[in-house]
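The values are calculated or read from the model by the stated rules, or taken from the named source; none is laboratory data. Just so we're clear, the structure is a prediction, and the values are computed from it rather than from any experiment. Every residue, glycine as well, gets a Cβ built from its backbone with ideal geometry; the counts of neighbours run over all protein chains shown.
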Amino acid sequence: MKGKITGPALGALLFALSFPVSAQQAGKVARVGVLSGGSSTGQPLHDAFRQGLRELGYIESQNIVIEYRYAEGKLDRLSDLAAELVRLKVDIIFAGVPGTAAAVAAKNATTTLPIVFTNVSDPVATGLVASLARPGGNITGISGLGPELYGKRFDLLNETVPKLSRLAVLQNPANPSVAFSLRELEMAAKTLGVRLQILEVQNPNDFDKAFSAIAKGPRDALAVQMNPLFFAHRIRIAEFAVKNRVPTIYGDKQYVEAGGLMSYGANILDLYRRAAIYVDKILKGAKPADLPVEQPTKFEFIINLKTAKQIGLTIPSSVLYRADKVIK
C-alpha cells in the first residue's frame, strides 16, 4: 500500500522523534547558588556538599554549575549576595555558612526560588519555616541543634575542669540566632551554677580585645559558639587557649583537629553532605514546602589529649571513656 510505513522504518522514525527530547533532558544543566558568610579559601563544609552532589551523580560543568558567593566573614554582605544570586536566576540556593544567617538572607531575597539550608539552630524560632514537619514555604533543609547542646557541653566541661564556676563565651552578635543561643546558654549555666562572661567578636580585630579579657580573667574555661568567623580563626583561638592554659569546648570536631581541647555536636560535614539530598529532590521536582526539616540524631564527642597535656589538664577516665575519638 502506498504511504505505508514498515516496522523498521516506523522504529527509526520514533527513535528520531524521541532523540531530541532525551538529549535535552540528559543535557540539562542545573544551576545552584551557594550563599556563604565564610571565606572562599579552605571550605571543607562546601567540599562535603559537593561530595554529596557527586554521590548523587552530579558532575560540575557537565550537569551542574555552582555559583559561589562568599561574604568573607562580613555577615552584613549576605543580603546583597543573596540578591545577586536571585538576579542570576539560579535554580536553587544553598544557604551554607553560617546556616542561620545565610538562610535568613536568602529567604529575604526571594519568595519563589527554592532554598535549602543546613546547620540552622532553630528554623522555627527564626521564622524560616512554619514547622519542622511542614515548612510551608520555599525553604527547607537540616537543623543543626547547636544551642540546645549547651547543657551537654557544660556538663562535659564541669566533669573535666575542677571547680568550674566561671565560663567565658565567644559570641558573634551579627548571628541572627544570637538571642536564642544566649537564652540556651543562660539556662545551661544556671543549671550548673556557672557565671558567664559573654565576649562579642564581630570581626577579626575584635579577637585581641576578647583574648585580653579572657587572659585577665577571672575564668575557668572558654566556650566558642559556632560561627564562620570563629571557624576561619579556629587555629588562632586554639593557640591562644593553649598559651593561656584555658580549657575550651567547641561545637564541631574541626576545631579540635586544629588544636582545640574538645568538642561535642553533630557531624557538621555529614549535615552538608546530606543537604545535597534536598537539592537533588528539589531539582527533580519536589517542593520545599513538602520536605520536612531534618534534625541530626548522631553526635560526636572529640578530645585532643595533646592539647590537654599542653595546658596541664588531666582528663578524667570517665570522660575519656565517653569520647568518640581521642586525638593523641
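Of VAL178, VAL129, VAL169, all but one fail to be at pLDDT 90 or above and in the same structural domain as LYS253 (by TED's automatic domain parsing); the exception is VAL169. For segment 287-308, residues that are within 29 Å of VAL124 (Cα to Cα), of a type in the set (S, T, N, Q) and touching a Leu at 6+ places or on another chain (Cβ under 7 Å) total 1.
Residues of segment 248-270 being surrounded by fewer than 24 Cβ atoms within 10 Å (Cβ to Cβ) and within 15 Å of GLY99 (Cα to Cα), which ones? ALA266, ASN267, LEU269, ASP270, listed by residue number. For segment 240-298, give me each residue that is hydrophobic (A, V, I, L, M, F, W, C), closer than 21 Å to LEU35 by Cα and part of a helix (DSSP H, G or I). Scanning segment 240-298 gives ILE268, LEU269, LEU271, ALA275, ALA276, ILE277, VAL279, ILE282, LEU283, ALA289. Restricted to segment 84-103, and to residues there that are touching a helix residue (DSSP H, G or I) at 6+ places or on another chain (Cβ under 9 Å) and outside any helix (DSSP H, G or I), the residue that is surrounded by the fewest Cβ atoms within 10 Å (Cβ to Cβ) is ASP91. Just one of the numbered conditions (1) in contact with a strand residue (DSSP E or B) (Cβ under 8 Å, 6 or more places away or on another chain); (2) without any contact (Cβ under 8 Å) to a residue 60 or more places away in the chain; (3) more than 17 Å from ILE268 (Cα to Cα) is not true of ARG87: (1). Only one entry of ALA103, ALA83, ALA109, ALA48 meets the criterion of being within 17 Å of SER177 (Cβ to Cβ) and not assigned by TED's automatic domain parsing to the domain that holds GLN254, and that entry is ALA103. Screening SER317 against (1) touching a Pro at 6+ places or on another chain (Cβ under 9 Å); (2) in the same structural domain as TYR250 (by TED's automatic domain parsing) leaves a single unmet condition, (1). For segment 52-83, a tally of residues being among the polar types (S, T, N, Q) and surrounded by fewer than 14 Cβ atoms within 10 Å (Cβ to Cβ) returns 2. Residues that are closer than 18 Å to ALA103 by Cβ and of a type in the set (S, T, N, Q) within segment 32-73 comprise SER36, GLN43, listed in sequence order. Looking at segment 219-240, is at least one residue farther than 18 Å from ILE311 by Cα, over 24 Å from the mean Cα position of the chain (by Cα) and assigned by TED's automatic domain parsing to the domain that holds LYS306? For segment 219-240, residues farther than 18 Å from ILE311 by Cα, over 24 Å from the mean Cα position of the chain (by Cα) and assigned by TED's automatic domain parsing to the domain that holds LYS306: absent.
Counting only strands (runs of 3 or more DSSP E) wholly contained in segment 116-200, the ones carrying 3 or more residues that are over 19 Å from the mean Cα position of the chain (by Cα) and aliphatic (A, V, I, L, M) occupy 166-171, 195-200. A single entry from ILE311, ILE282, ILE249, ILE277 fulfils the requirement of being within 23 Å of ASN119 (Cα to Cα), in the same structural domain as GLU159 (by TED's automatic domain parsing) and of a type in the set (Val, Ile, Thr): ILE249.
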